[in-house]
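The values are calculated or read from the model by the stated rules, or taken from the named source; none is laboratory data. Quantities reported herein were computed from a predicted structural model and do not represent experimental measurements. In this analysis, Cβ positions are derived from the backbone assuming ideal geometry, glycine residues included, and neighbour counts consider all displayed protein chains. Only protein heavy atoms, including side chains, enter the accessible area calculation; ligands, DNA and RNA are left aside. Shrake-Rupley method; radii C 1.70, N 1.55, O 1.52, S 1.80 Å.
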Amino acid sequence: MAKSALSNTKGNLGSLVVSALFVVVGLVTLWDTTSYTDRDSQVFPQTVALVLVLTAGISFVTQFLRPSESDGFGPGDWWRRLLLVITMILACFLMPVVGFLPAGAIAFAGGLVAAMHDRWSIKTLLLYWGFGGVIMMVFFALFKYALHVPLP
Amino acid sequence: MELSQFISALTPFNLALALFGVVAGTVVGSIPGLTATMALAVLVPITFSMEPASALILLGAIYTGAIYGGAYAAILLNTPGTPSAIATTFDGYPMAKKGDGDLAVALACFASVFGGLVGAFALLFLAPPLSKVALAFGPVEYFWLSIFGLSLIASLSSGNVIKGLAGGAFGMILSTVGVAEISADIRLTFGSQMLIGGFGVVGAMIGLYCIPVLIDLVATPDRHLKVEDDVRSVRIGEAFNLAMKSKFNLVRSSIIGTLVGILPGAGGSVAGLVAYSEAKRTASPEQRFGEGEPDGIMATESANNATVGGGFVPTLVLGIPGTPPDAIVLGALLVQGVRTGPTMFSQSGSIVYTFIYGLIIATLLMLPAGLLIGRYAYKSIVTIPKAVLVPTVGFMTIIGTFSIRNSVTDVFLMLCLGVFGWVVAKFGFSASPIVLGLILGPIAEQGFVQGWTIGAATKNLFGMFFGRPISQAILAFTLITLIVPLYMARRKSRVQEVSDNG
Amino acid sequence: MIKNSLVKTAAAILLSAHVGMAASAELSGPVSYVIPFGPGGESDISARFQQPFFKEKFGQDLVISYQPGGGGAVGWASLNGLSGDGHTIMGVNLPHIIIKPAQKDVGFKTEELNTFYMFHYTPDAIVVNADSPYQTLADLVADAKAKPGEVTLSGSGKASANHLAQIKFDKLAGITTTYVPFKGTGAAVAALLGNQTKAEWGYTSVGAKQGDAVRMLAVAMGERHPLFPDVPTFKELGYDMTGGAYRGIALPNTASAETTKLWSDMIGEINNDPEFRKTMLDGGFAMLDVGADEMSDFMAERIEEYITDARAAGLIE
């Protein structure tokens, strides 16, 4: 019970932050439109940005007045989430340097470790990593040689 | 439209091509980021050495298969394989989570075949008159159509409409980033080269739908989809009965899909959304859209496959392609020496009719092929260990996003948007309104700017936006869609109050 | 011009055996031909026309892919980062590659692109619906003079060839018309056919594709287009206007001079194939033969022309 109350206040704080963020996005958009030379390119972003500021503002205020949201990140291991995301982003930065396959392998390995909740055994070790290698090779070949995508 | 063309579409070679095309297309469509456009673009040279009609049958079969294949990823991974399948995620993924993924895939197959046939027959019998629809749709009609699509946000985010609207507005702002399509500015790039090309719809869609699923999957040891203990046989019969019960929904959605498909620039995603919206609006009170309602899948899937036939109407009759795959087929036709445009049906009639028959045959072949592949796709997604599923899907999102525009930047933007989408979704700003805004934003903006320019030039702005019959009809539907749920909700709460008091 | 291209044809025939051999020595696999737009536009169609001829003459596949975004800017900004070994080429379009970098920093500069051949252009043309009351250009000009701003013309994009043509013609004719930008020629033509606008600023290729459904009032060419002997040029009607959207091909700037020369010869050879020329002319395109040698002069002239026009129109500072 105490735990859920905690996650409630966290959820409320998060909603406030996200709402505020959207208000800022709207304001930045409005500021950006002032530099456009063509009236046609201003009308739409300005209108939409106003809608965003308004709706996100209302969301912020109602959140503040009635902090009863049950939102939140939910249970789960943070290191797994971070490992997945960080290896994928890392792969993306390394791709032009080391090539597509090695970079893809980093992301694959990250995802594999992050998603592995059971204890590793010799069998799973061999099977999963072997499967990963095959999958990556097949997709790489398919895109590079059959579809002629210039993978780095 | 003679028997001979039907028979020439039926040669063993053409049948084999149609079958191969449907299977290849289904696989292509099911992989997020691998688009029908890409597969077709690569295959066009192969068709140079074929009979024009055979070449067209192959291309058409791949296209229609890909639109159906998009449903797999939508249902089993909450990630539309193609933009056409966006609305399929709304009910498809909840169904899969409840353990009805096999049923959902079978339903999608029946609906796709039905919709595909309606679209193809419309192309066969009604193409010239239907092409008038494409021309009757002016900028203002596109504007109102996009507003109608956006009105779905209100009913999608039943929990919190304000947050849904904010998400939609945010998506529309995302859609303006980069070099403006029809005006002379570069917007919201803050001097960065990365954002010049803007957020591509497919990349953004993969990020917003697929990355959050992956992040949630790794966090806990729970199974990805619920599986019944007794492994049931294929639920084809059950799916067929459900489809039979929803005859009206299927017909209506297929007609919507055909009509929206005819509009160049709208495409399968808009068709699916409009059909979903209509199915939801006319639903009976006990149907729970958004929580795994079979009618939701059937509406989207029949509508998006109907756009295949519909889209070929302006492509073949007017020479104006509706979607990128249509454009590639058009290019292949031109190279083959076929003149599209107003004279095509009279001058190159036999090729056109053989192609349409081929499309119909391919759609029919999709029934056995689709059910078989669907069953296999479901089984493999369900049985594959999570530790392998997550990195495999992750790898596919990277390679798929890259290959859309051969851009590492797009992969990075996809990942950023994915993480951002995951965070905001945890606080009530779900992905669908953002994606809707991203897809419909450009249609709304262009329609508005063009409508306003023409209206101001002819000094009749009010008449331009509110005086045209098609606009009025779309506007009326939009208002009904917005008001009915509000009215229903009020009546429901009043009933509740009464029962609470009593 | 005609004499020039005849000489070239003869030279090309003599050279062709040589080019073919050099090509097969240089090219070790399929060539990736990137179109920095989506499929279906004039760039795509003309590339598709080249595809079978390339295979036939040089034995390798020309694989067309699309890299849309930023009105072509995404593709061109990435071009010089690609391999310069001659197995990757990219379509380039004028006025895009001149106007876009002049407006803002879009990641590439006009002179950084290694354009080695301009192979055709689509001449500007004013197109009206077949049932339009405008029988001649004079009708349209008279209507625009009587009702300034009320004559609406659709066109593809802003700061584009169509838009620049509209601005230029308005000035030459002393009229005010309203330009309605659409996304791509297809959408602009749909607006015309649906009578959403009164006319379209398009290309001769629109007339070729739409046949009897439309009527062209004038074309911006030096001489009449062979496919449309009855359509007058703007010049004949007293407006000094020639031009349109030019299309060519570029290599990454890391490509060697030999590779560039070879590619210029290869595309030149395709361009001089009578069958290819016929296909292109039937599609409403107009041929152009600017090889690598003459490119810098050609580009300098076009830059001068487009920048002057765009500045006069207020599209760039």
Might you check whether a residue that is closer than 21 Å to C:His96 by Cβ and open to solvent by 20 Å² or more (accessible area, probe 1.4 Å) occurs anywhere in segment C:279-288?
-> yes
Confirm whether B:Met38 is within 14 Å of chain C (Cβ to nearest Cβ), of a type outside the set (Val, Ile, Thr) and assigned to a loop (DSSP other than H, G, I, E, B).
-> no
Select from segment B:96-112 the residues that are in contact with a helix residue (DSSP H, G or I) (Cβ under 6 Å, 6 or more places away or on another chain) and either among the charged types (D, E, K, R) or surrounded by fewer than 24 Cβ atoms within 10 Å (Cβ to Cβ) (or both) and list them in ascending order.
-> B:Asp102
Helices (runs of 4 or more DSSP H) fully within segment A:35-152 counting 3 or more residues that are more than 9 Å from chain B (Cβ to nearest Cβ) and under 30 Å from B:Val177 (Cβ atoms) | A:39-65, A:78-98
Per the filter on segment B:463-475, residues open to solvent by 10 Å² or more (accessible area, probe 1.4 Å) and either in contact with a helix residue (DSSP H, G or I) (Cβ under 8 Å, 6 or more places away or on another chain) or farther than 17 Å from B:Ile147 by Cβ (or both) are B:Gly463, B:Met464, B:Phe465, B:Phe466, B:Arg468, B:Ile470, B:Gln472, B:Ile474, B:Leu475
Do we have C:Thr110 as surrounded by fewer than 23 Cβ atoms within 10 Å (Cβ to Cβ) and more than 20 Å from the chain's Cα centre (by Cα) here?
-> no
Of the residues in segment B:362-379 that are open to solvent by 30 Å² or more (accessible area, probe 1.4 Å) and modelled with pLDDT under 90, the one that is farthest from B:Val27 (Cα to Cα) is B:Lys379
Leading residue by the ranking (nearest to A:Val24 (Cα to Cα)) among those in segment B:160-170 that are in a helix (DSSP H, G or I) and more than 7 Å from chain A (Cβ to nearest Cβ) | B:Gly167
Restricted to segment B:171-192, and to residues that are in contact (Cβ under 8 Å) with a residue 40 or more places away in the chain and open to solvent by 20 Å² or more (accessible area, probe 1.4 Å), which residue is farthest from the other protein chains (Cβ to nearest Cβ)?
-> B:Ser175
Given the conditions (1) in contact (Cβ under 8 Å) with a residue 12 or more places away in the chain; (2) facing chain C (nearest Cβ under 10 Å), every one holds for B:Ser430 apart from (2)
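The rows are residues; the columns are (1) closer than 19 Å to B:Pro80 by Cα; (2) open to solvent by less than 20 Å² (accessible area, probe 1.4 Å).
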| residue | (1), (2) |
| --- | --- |
| B:Gly418 | yes, yes |
| B:Trp422 | yes, yes |
| B:Ala425 | yes, no |
| B:Ser430 | yes, no |
| B:Pro433 | yes, yes |
| B:Leu438 | yes, yes |
| B:Glu445 | no, yes |
| B:Phe448 | no, no |
| B:Trp452 | no, no |
Among the numbered criteria (1) open to solvent by 20 Å² or more (accessible area, probe 1.4 Å); (2) over 18 Å from the mean Cα position of the chain (by Cα), which single criterion is violated by A:Met95?
-> (1)
Hey, among A:Thr55, A:Thr62, which residue is hydroxyl-bearing (Ser, Thr, Tyr) and open to solvent by 30 Å² or more (accessible area, probe 1.4 Å)?
-> A:Thr62
Kindly provide the set of residues from segment C:55-81 that are aromatic (Phe, Trp, Tyr), within 20 Å of the chain's Cα centre (by Cα) and either more than 7 Å from chain B (Cβ to nearest Cβ) or surrounded by fewer than 23 Cβ atoms within 10 Å (Cβ to Cβ) (or both), ordered by number.
-> C:Trp76
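Yes/no matrix, rows are residues, columns are (1) within 27 Å of C:Tyr33 (Cβ to Cβ); (2) in contact with a Gly (Cβ under 6 Å, 6 or more places away or on another chain); (3) part of a strand (DSSP E or B); (4) within 13 Å of chain B (Cβ to nearest Cβ):
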position	(1), (2), (3), (4)
C:Phe108	yes, no, no, yes
C:Glu111	yes, no, no, no
C:Ala138	no, no, no, no
C:Asp143	no, no, no, yes
C:Asn162	yes, yes, no, yes
